[in-house]
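First the structure, in the form of structure tokens, and then the observations on it.
Derivation of every value follows stated rules applied to the coordinates shown; laboratory data play no part. None of the values given here were measured: they were computed from a predicted structure. Glycine also receives a Cβ, built like all others from the backbone with ideal geometry; neighbour counts cover every protein chain displayed.
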């Protein structure tokens, strides 16, 4: 009997570690970095991490939705750049900053919907469609801008550089996006449909779920959130940079996977996990900057982090099945 009790306790511990592995990793990472550099735990640095995490966190939330349905979106960086360029051009041509930003965000959603239509209606591989979108819209951005930044004329600077009290406004935007998407994924039919489609698309279709429509909407959400993230970056820099968003898809995928989304099977992942994953990437980036790690090594380290996260995902999946 005592052996059975010990076994049950061991299983509970293992299941708890698996369930909250992202939180444990973040805690361990923070402890290690704080021992290596005392600047890490200063309020200024913590707020700096939060601000830097905002853009990746917002993109990662959209990316997580796509991964949960069993897809991938490699176009987020290019959508980000093109949407901010559109916003900059609208402001330059007299459109008020707030409305220009709204239109820029909606434009990102439209690009996502177009990708979703190609994937859902023509049954094209998400990897290929979004890879093509990445190239197309990065090229459009360079062509339209001539490779030069477009000024936002201080019209929306508060969205990127403003504060409410001692908290950066972009961090508040991230929290609002997180709460909205948490509610959508956990308290609405649409959220349940996303998990069902990722779990088994054919079964979801037979149960009456409009799989094509929901796929299109998910890619629209990913594009819209990528554009929102771009507006925040452009507002902070007070300009739309044509090379903005380069490599952002890698950080977003890393945050989603580290946060518990599975690349090997759909229907798995939570918004809370994605936020924790985003902060893991943010802390890692900040730690490497504080420790003066070469930018070339930083890219390699993030690649290793994605690989390790996928390995852990496969191992924990096997443990659950066992």
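Over the alpha-carbon set of region 54-245, work out the extent along each principal axis and list the three values in angstrom, largest first.
52, 40, 23
List the relative contact order of region 54-245 as a percent without decimals, with contacts defined as Cα pairs under 8 Å and 6+ residues apart.
Dividing the mean separation by the residue count of region 54-245 yields 46 percent.
Select from 208, 230, 220 the residue whose mean-square fluctuation is largest in a Gaussian network model of the chain (Cα-Cα springs shorter than 10 Å).
Highest fluctuation of the listed residues: 208.
Relative to the present Cα-Cα distance, how much length would full extension add between residue 135 and residue 186 at 0.36 nm per residue of separation?
Here the answer is 14.9 nm.
Counting helices only, and only those DSSP H runs with n ≥ 4, report the 222 nm mean residue ellipticity of the chain as the sum of -39,500 (n - 2.57) divided by its residues, in deg cm²/dmol to the nearest 500.
Calculated from helices alone, the mean residue ellipticity at 222 nm is -26000 deg cm²/dmol.
Which order results if 98, 296 are arranged by neighbouring Cβ count within 10 Å, fewest first?
Going from least to most buried by this count: 296, 98.
Under a GNM of the chain (C-alpha, springs under 10 Å), which listed residue has the highest mean-square fluctuation: 170, 149, 242?
149
Mind telling me which of 84, 130, 203 comes out most flexible in a GNM of the chain, alpha-carbon contacts under 10 Å?
Most flexible of the set in this elastic network: 203.
Which three lengths, in whole Å and largest first, does region 214-270 cover when its Cα atoms are put on their principal axes?
40, 24, 17
Please work out how much length the chain gains when fully extended from residue 122 to residue 36, using 0.36 nm per residue of separation minus the C-alpha to C-alpha distance, in nm with one decimal.
Values: separation 86, 0.36 × 86 = 30.96 nm, distance 5.19 nm.
So the extension gain works out to 25.8 nm.
Compute the Rg/Rh shape ratio of region 9-122: radius of gyration over Kirkwood radius, all on alpha-carbon atoms.
That ratio is 1.13, to two decimals.
What shape does region 175-276 have by the C-alpha gyration tensor, where a ≥ b ≥ c are the square roots of the eigenvalues, rounded means a/c under 1.5, and otherwise prolate means a/b greater than b/c and oblate the rest?
Since a/c reaches 1.5 and a/b is larger than b/c, the shape of region 175-276 is classed as prolate.
Would you work out the Kirkwood radius for the chain? I mean one over the mean of 1/r across all pairs of different Cα atoms, in Å.
Working: mean 1/r = 0.0490 Å⁻¹.
Averaging 1/r across every pair of different Cα atoms and inverting gives 20.4 Å.
What is the Cα radius of gyration of region 236-322 over 2.2 N^0.38 Å, N being its residue count?
Numbers: Rg = 14.9 Å, N = 87, 2.2 N^0.38 = 12.0 Å.
Taking the Cα Rg and dividing by 2.2 N^0.38 Å, one obtains 1.24.
At 7 Å along Cα-to-Cβ for each site, give me the label-to-label distance between residue 265 and residue 202 in nm.
With each label placed 7 Å out from Cα toward Cβ, I get 1.6 nm.
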